[in-house]
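Bear in mind that the values in this text are calculations on the coordinates, not laboratory data. None of these values were measured; they are calculated from a predicted model. No Cβ is skipped: glycine too gets one built from the backbone with ideal geometry, and neighbour counts run over all protein chains shown.
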Amino acid sequence: MVLKTRLGHPYPLNAHHLPLSFVLSAYRRGVGWDPVVDTRTDEVPAGVGRHLRGGAPYVLESRSLALLRLCSKTEAVAPPRRGRRPDPGAWRLAMNTPKRPWLRWRATAGHLAGALVIVLGASGCVLPSAGPRPPRVEVLPADPGAFRYGQTGAEVLGHPEVGPRVRALFGRDWTAAAPAQGGTAIPAEDVFRQVGLPQMLRVGDVEHIAVTGCTPGACRTQRGLLLIRADGQELRARIDEGGFTHHYAFGAGLAMDIPNRLVVDGAWMALAATPGAWAGGR
């Protein structure tokens, strides 16, 4: 669930017992989101200063909430050094006005966490331990292994070994839209009409070939990612369409559970943060 302040700034709330991935709304070019509070920890949020783009996922731990402020890249502030108290002016929330006092990040996080504990206690919930973390993802530029199944994204999708697995990965969503049954609003095939060049990623210790795609004329709102393990035996994918996200997995014993979803979302964020990595531009 995503709640909003009076000024429209979102604070995602995850009341589920598993981590969830939220898609940040796209506002306008050059403007993104800066995490201010995340109740998973009493330290400064890890994403502070990274300037998260609209359309990027934000993974929220179980039983937690976060607050993000809208800002441009030049307005994103660097986090204070560990062990030092934050400057009262550096962590002003987006909802503050000159008539309101500046709130310190740690105090605000404590208030939000306390409010969340009260809500969960009233409903009989127990705060569990932290869930799985997203794996580290590294984009490997100019890696010849990226062209194992084709020199272009279209060649990869049409490869005699990979192509049938791609269609099995998406199932009925590949050729037909079925939003009423939980499927995509547009065929997945259309999301990969415009594709980028294959790219090599290292997810954890495993190398994957990534192919990005988007719907021609709607690349900012309808995007897709195909992630192929280097040996071609496991495929994962994600499609975003107007704020709705769909995840897919294909392979022996492979299911789209939370760890596999984090693999795809981690690859998505790494590519979104790499200039020129996405089909149709950023």
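A few points about this structure:
- Annotation: amide H-H contacts under 5 Å for Gln194 (H modelled 1.01 Å from N, sequence separation of 5 or more, or interchain): Cys214.
- Volume per residue of the C-alpha convex hull in the range 152-220, rounded to whole Å³: 114
- Per-selection Rg to Rh, the range 214-282 - Cα, Kirkwood hydrodynamic radius: 0.98
- Protection proxy ranking of 150-163, 52-65 - average other beta-carbon atoms within 10 Å, highest first: 52-65, 150-163
- Shape call, the range 137-272: gyration tensor on alpha carbons, a/c limit 1.5: rounded
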